[in-house]
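Read the structure below first, then the notes.
The values are calculated or read from the model by the stated rules, or taken from the named source; none is laboratory data. Just so we're clear, the structure is a prediction, and the values are computed from it rather than from any experiment. Don't worry about glycine lacking a Cβ; one is built from the backbone with ideal geometry, like all the others, and counts go over all protein chains shown. Each accessible area value is taken on the protein alone, full model and side chains, heavy atoms only, with ligands, DNA and RNA left out. Shrake-Rupley method; radii C 1.70, N 1.55, O 1.52, S 1.80 Å.
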Amino acid sequence: MTSHLQQDQQPPLWSRFAEAYEAAFEPLTDVFADAALQALELRSGELCLDVAAGTGGAALMAAARGARVVAIDAAEGMVARIRERGKEAGLPVRAAVMDAQALALSDASCDAGLSVFGIILCPDPVRALEEMGRVVRPGRPLAIVTWTEPQNYDLVTRLIGAVTAVRGPQAPPTEGPAQLRFREEAALRALFESARVPLDRIVRIEADLRARSAGWLAEHLAFAPGLAAMLDAQGPDRRAMVARFADDLRRDQGDGPVALGAVGFLAIGRAPG
């Protein structure tokens, strides 16, 4: 059933990456989530829907600002971690395992919705955005974050550079990553048009993936199914490739904290109705 999907599009695979994702990658996604939450302008007590919520970074940030939150993800391991963190923080976050393309929520039951690098992985992202528009009250805001400018995503470009240095130039994949389907503004606008969700604006946002050191980041590179598969594909050269990645990053940024740039789009729309 999932054989035609890429690794990052298969929810069961994500459960075992919750810990690594939270430690290595959520600090980057939180920067984009903060911009999305600012755009939503949530008022205290309003109910915010977080779709494909991962380990709960955006959901916890929304709750800390006074909102009530329902966070959904299709990976049981991710939902378990959201529940654990919400309980630890004493924040009003309700987490549930749910398919973003078929939300088990009533029409117009939420005051706002967001998805940070979430619905862009869905097999049917149009349906997922339609569902967000259905469960959010008409006229209320929706925020979607996507990747753009992959050439400026330093983590991947450096990984490719390390692979090339160790193994030589590699043939490009026959199919691009699903999460880059909306890297062009025209494609992102078309997503909203197809879902019949009015689009207010698209904002370009730069952010940094920050880690305590090059060595630490090299040890935590397998924080998502796709990246883990890419590392596994290096076979016996994996160790040398990861070492080259760390050495190059250490040479450029030193032995202390490191920062790798990334660029995303924040699209703000309104629930139809």
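What do you get for Rg/Rh over the range 163-222 if you use C-alpha atoms and the Kirkwood form of Rh?
1.13
With charges only on Cβ, +1 for K and R and -1 for D and E, what is the dipole size of the range 31-117 about its Cα centre, in debye, rounded to 20?
280 debye
With N denoting the number of residues in the chain, provide Rg(C-alpha) divided by 2.2 N^0.38 Å, to two decimal places.
For the chain, the normalised Cα radius of gyration comes out at 1.00.
Counting alpha carbon pairs within less than 8 Å and at least 6 residues apart, what relative contact order, in whole percent, applies to the range 15-138?
The normalised contact order for the range 15-138 reaches 26 percent.
Within the chain, what whole-number % of the accessible surface is contributed by carbon and sulfur, with the 1.4 Å probe and all protein chains included in the calculation?
Within the chain, the accessible surface is 50 percent carbon and sulfur.
Taking just the C-alpha trace of the range 11-78, give me its Rg and Dmax in Å.
12.1, 35
When the Karplus curve 6.51 cos²θ - 1.76 cosθ + 1.60 is applied with θ = phi - 60°, which whole-Hz ³J(HN,Hα) does each residue of the range 254-260 get, with x for Gly and Pro?
x, 8, x, x, 10, 9, 10
Heavy-atom accessible area per residue, the chain, 1.4 Å probe: how many Å²?
Spelled out: the 1.4 Å probe surface of the chain, per residue, equals 45 Å².
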